[in-house]
Amino acid sequence: MAAPMELFCWSGGWGLPSVDLDSLAVLTYARFTGAPLKVHKITNPWRSPAGTLPALRTSHGEVISVPHKIITHLRKEKYNADYDLSARQGADTLAFMSLLEEKLLPVLIHTFWVDAKNYVEVTRKWYAEAMPFPLNFFLPGRMQRQYMERLQLLCGEHRPEDEEELEKELYQEARECLTLLSQRLGSQKFFFGDAPASLDAFVFSYLALLQQAKLPSGKLQAHLRGLHNLCAYCTHILSLYFPWEGAEAPPPRQTPANPETEEEPYRRRNQILTVLAGLAAMAGYALLSGIVSIQRAPSARAPGTQALGMAEEDEEE
């Protein structure tokens, strides 16, 4: 019997099954199609077989870490949410996906990772409280830098040099994008009728994060909440496909009750990396602060140093 497909993704919070845009999109698509995944919701990307989240381990042991490639693999396995779409609806899907990436994704990154107030009080707070020590000291900052680089790529060469002008332009385009989505959805349950498609999975992941997070600086959030059909759309998908998901607080950090589990290699690797990172941090602090100094003895040789449906389970449970 083939091994089950396993999905590793960021854990839930803010009333959502995952706080990460890509993880939420893949989770939603899998729920739409009924793909039989064993889901590992974790708060340490180093426990993923790819070292990043989300990541899919296929029944043949292959590891896929790009959201679109994960969904493509699920389609090959006969879990296709777009099976009944017409050619025109397929073209509309591609057009709206491009619109989301060009107009809405930059503002979503700016809202959660660039806006100082939102980043400190919401984004960094969640990740710092959810991640294990010492990763919570440096991984949120590293993730922020990666998202800022991604934002620069999305904005391209024609971005205004003035940051305020850039922000104004981005938010204006995002508001227009939300209004267009609202008009396209109308009074329908989903974008192509009564059944969800891949477009719904991606639109929901964008909108749900914006709707559910308690943002102190919510410029675009206020516009979204004025579009009542989009808000009802997100609430409908949450209640229908994730009725028991999400938590307002970050998950507690607990050790699994049974040490002889399939996650033992990841736990052992994490422990070793944690100890090494802690030792390196303490040594660096001691050297920089002058607590410890290194001097060369004239008659002694320094000794050498030694180098060193979906079956879900929350890793933190």
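The set of residues in segment 125-156 being assigned to a helix (DSSP H, G or I), out of contact with any Ser or Thr (no Cβ under 6 Å at 6 or more places or on another chain) and more than 18 Å from Ile109 (Cβ to Cβ) consists of Ala128, Glu129, Leu135, Asn136, Phe137, Phe138. Counting only helices (runs of 4 or more DSSP H) that fall entirely inside segment 1-110 and contain at least 1 residues that are under 24 Å from Ala195 (Cα atoms), the qualifying elements are 21-33, 67-76, 87-99.
Looking across segment 35-87, the residues that are within 21 Å of Trp10 (Cα to Cα), out of contact with any Ser or Thr (no Cβ under 8 Å at 6 or more places or on another chain), of a type in the set (A, V, I, L, M) and surrounded by fewer than 21 Cβ atoms within 10 Å (Cβ to Cβ) come down to Val63, Val66. Scanning segment 88-129 for residues that are among the polar types (S, T, N, Q) and open to solvent by 30 Å² or more (accessible area, probe 1.4 Å), we see that the one that is nearest to the chain's Cα centre (by Cα) is Ser98.
With respect to the conditions (1) in contact with a Lys or Arg (Cβ under 7 Å, 6 or more places away or on another chain); (2) modelled with pLDDT of 90 or more; (3) of a type outside the set (Asp, Glu), Ala195 lacks only one, and its number is (1). The residues in segment 209-250 that are at pLDDT 85 or above and not in a helix (DSSP H, G or I) can be counted, and the count is 10. Please verify whether segment 251-267 includes one or more residues that are modelled with pLDDT under 80 and in contact with a strand residue (DSSP E or B) (Cβ under 7 Å, 6 or more places away or on another chain). Among the residues of segment 251-267, at least one is modelled with pLDDT under 80 and in contact with a strand residue (DSSP E or B) (Cβ under 7 Å, 6 or more places away or on another chain), which makes the answer yes.
Here is a yes/no grid of residues against (1) out of contact with any Gly (no Cβ under 8 Å at 6 or more places or on another chain); (2) over 16 Å from Lys219 (Cα atoms):
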| position | (1), (2) |
| --- | --- |
| Ala91 | yes, yes |
| Ala95 | yes, yes |
| Leu99 | yes, yes |
| Val107 | yes, no |
| Ala116 | yes, no |
| Val122 | yes, no |
| Ala128 | yes, yes |
| Pro134 | no, yes |
| Phe138 | yes, yes |
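Residue-level check: of (1) closer than 22 Å to Tyr241 by Cβ; (2) assigned to a helix (DSSP H, G or I); (3) among the hydrophobic types (A, V, I, L, M, F, W, C); (4) open to solvent by 10 Å² or more (accessible area, probe 1.4 Å), Ala195 misses just (2). Applying the set (1) buried (at least 19 other Cβ atoms within 10 Å of the Cβ); (2) of a type outside the set (A, V, I, L, M); (3) modelled with pLDDT under 95 to Phe8 leaves exactly one unmet item: (3).
The values are calculated or read from the model by the stated rules, or taken from the named source; none is laboratory data. Quantities reported herein were computed from a predicted structural model and do not represent experimental measurements. Quick reminder, even Gly has a Cβ in these numbers, built from the backbone with ideal geometry, and neighbours come from all protein chains shown. Accessible surface areas use protein heavy atoms only, side chains included; no ligands, DNA or RNA. Shrake-Rupley method; radii C 1.70, N 1.55, O 1.52, S 1.80 Å.
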